[in-house]
Every structure is written in structure tokens, then in C-alpha cells.
Amino acid sequence: MSQTFEMNQFALSQIKGTIACGLNINVLSARIKSDSASTFVGGSAVKIVDVASDGLPIIDKAAATDKIFGFIVYNKKGNVPTANQVVDVAFDNSIINLEASASIAGGALLEIVASGDTVITNAGTNTVVGRALKKASSGDVIPVLVFTSRT
């Protein structure tokens, strides 16, 4: 008899875009811009855009030089949100699991690589989005302390 795994059991490895370290209260619902052509997944960095709203912040994918609002939180029911969809966004002082696209030292300041929805060590020119809470190699998923309001 084969063993089955349930979505709510403990994972053997971290999932990109999941909230780490227990309860994080700094998660807010937001709506993806209705005409956005960007591809989003859990862990995508987003920015607030200046358009009319139904009460929710309107977001779009962020570039490395944009003021980052936060990161889309992984959703097990559908992890590829599209235009006009409501998503949860982890922002300032949240701890979220993100993928490293290069080696990162523990405690390093990070910036995004928007094309791959990953993070790298900040080189001093792009927006700082958080701090690595542990050492990582390329492809590792690590917990990141997000501090977007300081950028």
C-alpha cells in the first residue's frame, strides 16, 4: 500500500512564498491590476500602483528598482494568480520563504530578481527588500525578514 500525503502536513522542505515562523499579522489582501500581463506566483515581489480601487490596494509586479509593497503569499488552492484576482501580500516585518538565485550569506541585505521571482544579495543600487535569516546557495528556499517600508 502506498503512502499518501496531505496538504496540511509538515513539509520536508520549504515552499517558496509560504509564511515562515508562525503567525505573521502583516499580511494584507490586495487586487492584481486588471490589465496586468505579468506572471505571478507565491514569492513574487509586488508594488502598489496608482489606479482607481474598490477599497483594496491595487498591485502589479515590481522591478528591482521599484518601491516594493511586499510579496505574494503562496496559496495551495491556486498559486498562479492572474489579473484582477485578490491575493494575500506579506509586507513589512513578515517572514516569508523566498528562493535564492545565488549564494547568500546569513544576515545579508537582499534585493529581488524580478524575472525569476528570486532574491540575491543587495549590490547597493536596487531596492533593499529584506534580510536573509540564514545562509543559502542558489536554488535554496530561505526565510527572509521583509522590511519594505524602509525602501
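Which is farthest toward the positive dipole end of the chain among THR82, ALA105, THR39, measuring Cα position about the Cα centre, with Cβ charges +1 (Lys, Arg) and -1 (Asp, Glu)?
Toward the positive end, the furthest listed residue is ALA105.
Place a point 7 Å from Cα of LYS67 in the direction of its Cβ. Which residues in the stretch 119-151 have their backbone N less than 20 Å from it?
Within reach of a label on LYS67: 124-131, 146-151.
In percent, how large is the relative contact order of the chain, given Cα pairs closer than 8 Å and 6 or more residues apart? Write out the running numbers ahead of the final one.
Working: 385 pairs, mean separation 37.7, N = 151.
RCO, the chain: 25 percent.
Determine the sum of side-chain charges near ILE59: Lys and Arg each +1, Asp and Glu each -1, restricted to other residues whose C-beta is under 10 angstrom from that of ILE59. Kindly include the intermediate steps, with their values, before the conclusion.
Working: positive: ARG31, LYS33, LYS47, LYS61; negative: ASP60.
That sum, taken over residues with Cβ under 10 Å, equals +3.
How much FRET efficiency would the formula 1/(1 + (r/R0)^6) give for GLN85 and SER13, where r is the Cβ-Cβ distance and R0 is 35 Å, rounded to 0.05?
Working: r = 27 Å, r/R0 = 0.77.
E(calc), rounded to 0.05, equals 0.85.
Per-residue counts of other Cβ atoms within 10 Å, averaged by peptide: what ranking do you get for 130-136, 67-73, highest first?
Numbers: 130-136: 19.9, 67-73: 24.3.
The most tightly packed comes first, giving 67-73, 130-136.
How large is the translational diffusion coefficient of the stretch 89-151 in µm² per second when you combine the Kirkwood radius over alpha carbon pairs with Stokes-Einstein at 10 °C and 1.306 mPa s? Numbers along the way, then the final one.
Details: Rh = 11.2 Å.
D, rounded to a whole number, is 142 µm²/s.
Determine, from the Cβ-Cβ distance of LYS134 and ILE25 and an R0 of 22 Å, the FRET efficiency 1/(1 + (r/R0)^6), rounded to the nearest 0.05.
Working: r = 23 Å, r/R0 = 1.03.
Efficiency, from the Cβ-Cβ distance: 0.45.
Per 10 Å bin, what percent of the C-alpha pairs of the chain does each bin hold, from zero upward?
Per 10 Å bin, starting at 0, the Cα pair percentages come out as 12, 43, 33, 10, 2, 0.
What are the ³J(HN,Hα) values, in whole Hz, obtained from phi via the Karplus relation 6.51 cos²θ - 1.76 cosθ + 1.60 with θ = phi - 60°, for each residue of the stretch 82-87 in sequence order, with x given for Gly and Pro?
10, 3, 6, 8, 8, 10
Could you pull out every one of the lysines with an alpha carbon less than 27 Å from that of LYS67, ignoring same-chain neighbours closer than 8 positions?
LYS16, LYS33, LYS47, LYS134, LYS135
Coordinate-derived values only; no laboratory data. Computed from a predicted model, the values in this text were never measured in an experiment. No Cβ is skipped: glycine too gets one built from the backbone with ideal geometry, and neighbour counts run over all protein chains shown.
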